[in-house]
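All of the numbers you see were taken from the coordinates with simple rules; none came from a lab. Nothing here was measured: the structure is a model prediction, and the numbers come from that model. FYI the Cβ positions are ideal-geometry reconstructions off the backbone, even for glycines, and counts take in every protein chain you see.
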Amino acid sequence: MLQTYPQLPVINYDDVQRQFASDGFFVINEIFTGDEIEMLLQTISNADASNDTFRQNGELFAIRQFVKEIPQIQHQVVNQQLNHLIDRLFGNDYFIIKSIYFDKPEKSNWFVPYHQDLTISVDKKGDYPGFGPWTVKQGQFAVQPPLEILEDNFTIRIHLDDTDQTNGALRVVPGSHAKGVYRAEDIDWSTEREVICDVRRGGIMLMKPLLLHASSRTTSNHRRRVMHVEFGRKPLPDGPCWSEFAGILPKEIDLEGNGISR
């Protein structure tokens, strides 16, 4: 059924759900207004960049755990419109488990090869059944969890600039999210196909963490700023907790145990 919502395009939610389940991604433009994008950028520019989670060099500016580092930005990111969209497509029991902001400047010329997002961010390292291997980036523990956790999560990428193949739009392999752990070296291009995901400023890209994706070098003088926000809906098994945790809907939240009660 078609439904309209303030500042949202007309969306056939059933079609989005079907294609997302089949392909592992979907692009929806016109989710954020120009004023909302400017507000997000202003909040980031006003943040204290002295923490280790802020990374800046000539080719990249990035903030890990930006919702945790800049708490006031949470309701700007998951505003009424996006909250409504998440509720219609996925249900109202999801919460933020990871957030990264990155700014790929005009002269940046690095690329990201095909990969899946196989790790989650947790608060501590340990010997937990089904979890491993482990990595640490800027003091942040990351681990590959059991596959069913990754299969249940989803990601929303909020685009703050027009993005196409000339400034690093994601290239994806449709349906690859349904094949478990799928290494780039195992891609059979005689049967697989690649899609370039152009997204306009203010648009979003929905994707599954297990979707194979890559991005190319910049060949234009166009900047690319993206907010990458991952969502889950389950507490982790006994042991680790989500290192970044933010509820997105009115609910009673046990922050200590990452649990949810109604």
Let me have the relative contact order for the chain, percent, based on Cα pairs under 8 Å that are six or more residues apart. 28 percent
Rounded to the nearest 500, the 222 nm mean residue ellipticity computed for the chain from DSSP H runs (n ≥ 4, each -39500 (n - 2.57)) alone is -5000 deg cm²/dmol
Whole-Hz ³J(HN,Hα) from phi, Karplus 6.51 cos²θ - 1.76 cosθ + 1.60, for the stretch 180-192, glycine and proline x: x, 6, 10, 6, 4, 5, 9, 5, 9, 6, 6, 10, 8
Hypothetical label at HIS115: residues of the stretch 206-222 whose amide nitrogen lies under 18 Å (7 Å Cα-Cβ projection): 207-218
Once you have a ≥ b ≥ c as the square roots of the Cα gyration tensor eigenvalues for the chain, tell me rounded if a/c is under 1.5, and otherwise prolate or oblate according to whether a/b is larger than b/c. rounded
Please go through the residue pairs LYS124/LYS208; LYS124/LYS179; LYS68/LYS125 and name each one whose alpha carbons sit more than 22 Å apart in this structure. LYS124/LYS208; LYS124/LYS179
So between THR166 and SER190, what do we pick up on full extension, going 0.36 nm a residue minus the alpha carbon distance? 6.1 nm
Please report how far the C-alpha centroid of the stretch 145-175 lies from that of the stretch 189-226, rounded to the nearest whole angstrom. 7 Å
Shape call for the stretch 182-231 from the C-alpha gyration tensor, a ≥ b ≥ c root eigenvalues: rounded (a/c under 1.5), prolate (a/b greater than b/c) or oblate? oblate
